[in-house]
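S.K.: I'd like to ask you about the structure that follows.
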Amino acid sequence: MLLLESRPAVASESSAKSGAIVSDMVATPDDQRWVQRSRALFREAQSASGDQTMIREHGMLSLFPPSYQGQVAEHEGSLRERGIPVEVWSAEEIRRRFPELDRVAHPIFGVWTPRDWHVNPTAYAFAVLGMAKTLGLTVKLSYPVATLRVDDREVQLQGPNDTIHAARVLLATGTWTRKLLQTAGMDLPFRPYRTQLASLEFPSGYHLPIVRDMATDMYIVPDGPRNVLVGDGTQLWEHDPDAYRTTGDPEFEQSVAEGVMSLSSYGAQARLRRSWAGLCGATPDRRPLIGPVCDRVWVACGDNGFGIKRGPAIGEFAAEMALGMVPPSSHLSPHRYPNEDFTLRPGQGGSL
Ligand SMILES: Cc1cc2nc3c(=O)[nH]c(=O)nc-3n(C[C@H](O)[C@H](O)[C@H](O)COP(=O)(O)OP(=O)(O)OC[C@H]3O[C@@H](n4cnc5c(N)ncnc54)[C@H](O)[C@@H]3O)c2cc1C
């Protein structure tokens, strides 16, 4: 088995740019199962690698305006049914638990999910690659596949200096998947869109969980003792993965500063370190595309902005499917929608 990666290291693209929140607050049974399985795979990789920093168990506080009460009750019920700890807090309770969130005021309320994590996707990918190599995987880094050609007998992958001949190919090429397939005359209902993240220096010794502000879609992720990551700055129109602005926009940086200040007076002491942008892959129903495009070419893409929390499980599932160990699922089929434009929709994890 052979892995081809265009960059000098794996997990250098969207996975490296991610906020990397792992949360059970996802809507569909598939997503719930994939998050659960991914958690087990993250744990396995952490213990195999001995890298104790791979998983950070910060817990997550999602902030809601009162209009969300119905949806929150639904999610709370679903979390409890699955045995996942969850608490609903008033603004007063939020300020008591996390004094830095001193500007959170009634009628805002919060959902506290203490089991939610921030992970290091690069560390995870390196650990898994190490394990896979011991099982016989060959890896070619700095190997961008320029084109695919498919015939009755094989798939030809045109690399920088040679052509690789394969019986079957699984494209886990993130937001490039559609472009690469198009070189073989095939297509997908798939549109890359842009989202942003900023790294802020924060007053040393702060005490914050992962925070999501559902009214604005902003999120804050603790990132070491003096640093936080803040997203999202999502731009819901199509971007070319080979030609988009990879640094954050000044308007995004401004909105991040205002957003943090609206929750915490400590935000006044924060300082922007840098900001960046990455792409996510949208599909018409916000489910991933997993399965065969033709007999010899399979895909696993369409993260819709929450592919870290489900990625390890989706990778495992897609590989098993491509190897014929599990049958393709019609509701995940890359052919379930026509290859035409569709409306891009925001949000991590479905209905919330
Ligand atoms: C700013 C931001 C914040 C995010 N926050 C979260 C979050 O909090 N939680 C969450 O769950 N998800 C989050 N996401 C989404 C998450 O990052 C993605 O869902 C995930 O990284 C997708 O992984 P992937 O392996 O499909 O794509 P990628 O990580 O982009 O990997 C695709 C790989 O394919 C390689 N490749 C592409 N084309 C070729 C080719 N022609 N030849 C060879 N190799 C090729 C690329 O080099 C790359 O290494 C966020 C994304 C962004 C951008």
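S.K.: Within region 235-280, can you find the residues that are over 19 Å from the mean Cα position of the chain (by Cα), of a type in the set (S, T, Y) and surrounded by fewer than 18 Cβ atoms within 10 Å (Cβ to Cβ)?
M.R.: Residues satisfying the conditions are S262, S265.
S.K.: While we're looking at this one, here's another question. Every residue in region 148-171 that is within 14 Å of the ligand (Cβ to nearest atom), open to solvent by 50 Å² or more (accessible area, probe 1.4 Å) and among the aliphatic types (A, V, I, L, M), please.
M.R.: Of everything in region 148-171, just one residue is within 14 Å of the ligand (Cβ to nearest atom), open to solvent by 50 Å² or more (accessible area, probe 1.4 Å) and among the aliphatic types (A, V, I, L, M), namely L170.
S.K.: Moving on to the next point. Would you tally the residues in region 179-193 being touching a residue at least 60 places away in the same chain (Cβ under 8 Å), within 11 Å of the ligand (Cβ to nearest atom) and either out of contact with any Ser or Thr (no Cβ under 8 Å at 6 or more places or on another chain) or among the hydroxyl-bearing types (S, T, Y) (or both)? Before you say what the answer is, go through the steps one by one.
M.R.: Within region 179-193, the subset touching a residue at least 60 places away in the same chain (Cβ under 8 Å) is 179, 181, 184, 186-193.
Next, from what is left, pick out any that are within 11 Å of the ligand (Cβ to nearest atom): 179, 181, 192-193.
Those still in the list that are either out of contact with any Ser or Thr (no Cβ under 8 Å at 6 or more places or on another chain) or among the hydroxyl-bearing types (S, T, Y) (or both) too: 179, 181, 193.
Number satisfying all stated conditions: 3.
S.K.: Looking only at region 128-151, which residues are in contact with a Lys or Arg (Cβ under 9 Å, 6 or more places away or on another chain) and either more than 23 Å from S14 (Cα to Cα) or among the basic types (K, R) (or both)?
M.R.: Across region 128-151, the qualifying residues are V150, D151.
S.K.: Out of all the residues in region 191-209, is one or more modelled with pLDDT under 95, among the aromatic types (F, W, Y) and touching a Pro at 6+ places or on another chain (Cβ under 9 Å)?
M.R.: Yes, there is a match, as at least one residue in region 191-209 is modelled with pLDDT under 95, among the aromatic types (F, W, Y) and touching a Pro at 6+ places or on another chain (Cβ under 9 Å).
S.K.: Only strands (runs of 3 or more DSSP E) wholly contained in region 189-234 count here; list those with 2 or more residues that are of a type in the set (D, E, K, R) and open to solvent by 10 Å² or more (accessible area, probe 1.4 Å). It would help to see each step written out before you state the result.
M.R.: Working: elements: 191-201, 210-213, 218-222.
Here the list reads 191-201, 210-213.
S.K.: Another question, then. Would you mind telling me which numbered condition in (1) at negative phi; (2) within 15 Å of the ligand (Cβ to nearest atom); (3) touching a Pro at 6+ places or on another chain (Cβ under 7 Å) E13 fails?
M.R.: Evaluating E13 over (1) at negative phi; (2) within 15 Å of the ligand (Cβ to nearest atom); (3) touching a Pro at 6+ places or on another chain (Cβ under 7 Å) leaves (3) as the failure.
S.K.: Restricting the first residue to region 164-175 and requiring it to be at positive phi, which pairs with a second residue that is open to solvent by less than 70 Å² (accessible area, probe 1.4 Å) and within 8 Å of the ligand (Cβ to nearest atom) meet a Cβ separation below 7 Å and a spacing of at least six or different chains?
M.R.: Correct list of pairs: G174/E13; G174/S14; G174/G281; G174/C301.
S.K.: Restricting to region 172-188, and then to whatever is in contact with a helix residue (DSSP H, G or I) (Cβ under 7 Å, 6 or more places away or on another chain) and more than 19 Å from W276 (Cα to Cα), can you tell me which residue is surrounded by the fewest Cβ atoms within 10 Å (Cβ to Cβ)? Let's see the steps before the verdict.
M.R.: Residues of region 172-188 in contact with a helix residue (DSSP H, G or I) (Cβ under 7 Å, 6 or more places away or on another chain): 172-175, 187-188.
Still in the running and more than 19 Å from W276 (Cα to Cα): 172-173, 187-188.
Working: A172: 18, T173: 22, D187: 14, L188: 23.
That would be D187.
S.K.: State the number of residues belonging to region 194-221 that are farther than 22 Å from P250 by Cα and either among the acidic types (D, E) or more than 10 Å from the ligand (Cβ to nearest atom) (or both). Steps first, please.
M.R.: From region 194-221, those farther than 22 Å from P250 by Cα are 203-211, 214; that's our starting set.
Restricting the remaining residues to those that are either among the acidic types (D, E) or more than 10 Å from the ligand (Cβ to nearest atom) (or both) gives 203-209, 211, 214.
Adding up the residues that qualify gives 9.
S.K.: Please go through (1) in the same structural domain as R7 (by TED's automatic domain parsing); (2) surrounded by fewer than 16 Cβ atoms within 10 Å (Cβ to Cβ) for Y143 and return the number of the only condition it doesn't satisfy.
M.R.: All conditions are met except number (2).
The values are calculated or read from the model by the stated rules, or taken from the named source; none is laboratory data. Values in this document were obtained by computation on a predicted structure and should not be read as measured data. Counting neighbours? That spans all protein chains shown, and the Cβs are built from the backbone with ideal geometry, glycine included. Areas reflect the complete protein model, heavy atoms only, side chains present, ligands, DNA and RNA absent. Shrake-Rupley method; radii C 1.70, N 1.55, O 1.52, S 1.80 Å.
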